[in-house]
1. Looking at B:Val5, B:Val32 in this structure, which one is more than 14 Å from chain A (Cβ to nearest Cβ) and either surrounded by fewer than 23 Cβ atoms within 10 Å (Cβ to Cβ) or in contact (Cβ under 8 Å) with a residue 12 or more places away in the chain (or both)?
2. So which residues in the stretch B:49-67 are outside any loop (DSSP other than H, G, I, E, B), more than 10 Å from every other protein chain (Cβ to nearest Cβ) and open to solvent by 10 Å² or more (accessible area, probe 1.4 Å)?
3. For the stretch A:45-72, how many residues are touching a residue at least 40 places away in the same chain (Cβ under 8 Å) and either of a type in the set (S, T, N, Q) or farther than 17 Å from A:Gly4 by Cβ (or both)?
4. Which ones in the stretch B:81-91 are open to solvent by 10 Å² or more (accessible area, probe 1.4 Å), part of a loop (DSSP other than H, G, I, E, B) and either at pLDDT 95 or above or touching a strand residue (DSSP E or B) at 6+ places or on another chain (Cβ under 6 Å) (or both)?
5. Is it the case that the stretch A:89-108 has a residue that's surrounded by 14 or more Cβ atoms within 10 Å (Cβ to Cβ), hydroxyl-bearing (Ser, Thr, Tyr) and away from chain B (no Cβ under 14 Å)?
6. Please specify each residue of the stretch B:8-27 satisfying the condition of being among the small types (Gly, Ala, Ser), open to solvent by less than 40 Å² (accessible area, probe 1.4 Å) and farther than 30 Å from B:Arg105 by Cβ.
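The values are calculated or read from the model by the stated rules, or taken from the named source; none is laboratory data. All values derive from a computational prediction rather than experimental measurement. Reconstructed Cβ throughout: ideal geometry from the backbone, glycine too, with neighbour counts over all protein chains shown. Heads up: the accessible areas ignore ligands, DNA and RNA and are worked out on the full protein's heavy atoms, side chains in. Shrake-Rupley method; radii C 1.70, N 1.55, O 1.52, S 1.80 Å.
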Amino acid sequence: MTQGLTLHQTAFALTTSLLIFLFILELVRRRRLREEYSWLWLLAAGAMVLLVVWFRLLMIITHLVGAVTPLNTLLLFAVLFLFAIAVHYSVIVSRLTSQVKNLAQELALVSARLEERER
Amino acid sequence: MKTLVLVPAYNEAARIGRVLAGIRAAVPGADVLVVDDGSADDTAGVARAAGARVVRLPFNLGAGVAAQTGYKLAVREGYACVAQLDADGQHEPADLPALVALIERGETDVAIGSRFLGATTTYRPGTLRRVGMALFGLLAWMLTGVRFSDVTSGFRAFGRDVVRFVATEWYPTDYADADVLITLRRAGFRLREVPVRMYPRAGGRSMHAGLRPVYYVFKMLLSVALAPVRREPAEQKRGLT
């Protein structure tokens with residue numbers, strides 16, 4: 001593995017990562033996924049494609065972080081990526097919570113004023 | 001001076017009528033606003049029948065959000081003082097004038113009803129709650145230099161500038177007590193405690209039930225710890241003056 005990928009492995013890895021990339025793009029195209037939430041996924045899929053076509057890069061990174069095998073490096077970055085996605089969502093959920101709160105308060109105040117006027 | 005008595009309420013149809021009657025008797029000149037936090041029972045109907053103004057949140061959002069809805073209304077309608085008490089009968093409405101008077105005379109910006117100040121205290125918390133109160137009291141003291149006898153009190157009155165301040169985005173959505181006092185103190189407001197009477201709940205469900213106290217302690221520790229390093233208070237206050 002450290003010597004590089006066989007043609008077989010390259011074909012499979014490239015197909016998979018390209019499919020993921022296209023799947024995310026398709027979700028954005030059909031407006032099922034908003035552009036602002038797609039970038040982390042596209043980044044990850046793009047990184048996968050890049051690492052397959054430029055396997056040396058993975059070896060360089062492995063050397064850089066001091067991992068023993070490229071598999072360790074992949075696992076490390078996979079975990080980091082999932083962590084980033086989860087935190088990203090927590091931030092979004094927090095923002096949505098406060099927007100919903102403000103809307104609910106506004107709705108309550110406006111409808112109370114309407115009711116009082118109609119009475 | 002226009003005073004608004006604010007009563008956040010969640011499923012308190014059985015108890016709120018007596019509280020509202022008590023408020024009427026204690027501060028006849030004040031407007032009374034009940035913020036119904038998405039109750040499933042007839043809290044709003046009972047409150048309206050008792051002559052209070054009612055604002056209904058479309059769903060349950062927590063005590064802090066309900067109270068803040070009242071602050072927002074007070075800011076828009078120009079109230080000079082907002083006095084707040086619980087809808088479940090734990091706070092004695094007859095103590096309202098003492099809180100409001102301090103604000104009206106301009107002697108403080110925040111008046112906090114303390115159940116431990118007076119000689120007539122009848123409130124006896126359980127051991128766990130007492131430990132928690134002592135802990136947050138100590139933290140508040142360390143962070144503000146002010147000794148509070150009752151940091152978890154929800155019986156309080158705010159002056160105009162404080163109301164404008166708590167109507168803004170930083171106000172916590174749940175369990176707004178010790179951290180609010182610390183933030184207000186750090187924003188430069190004057191805080192004063194006033195002895196009040198508090199009673200055990202007459203029934204219904206306390207917000208401190210089940211595992212909630214564990215979350216309460218966690219949340220309060222976190223927001224108390226972050227209060228000094230958060231940047232909003234100073235900036236907000238500067239924007240007000």
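1. Only one candidate qualifies: B:Val5.
2. B:Ala49, B:Ala63
3. 1
4. Scanning the stretch B:81-91 gives a single hit, B:Gln90.
5. no
6. B:Ala13, B:Gly17, listed by residue number.
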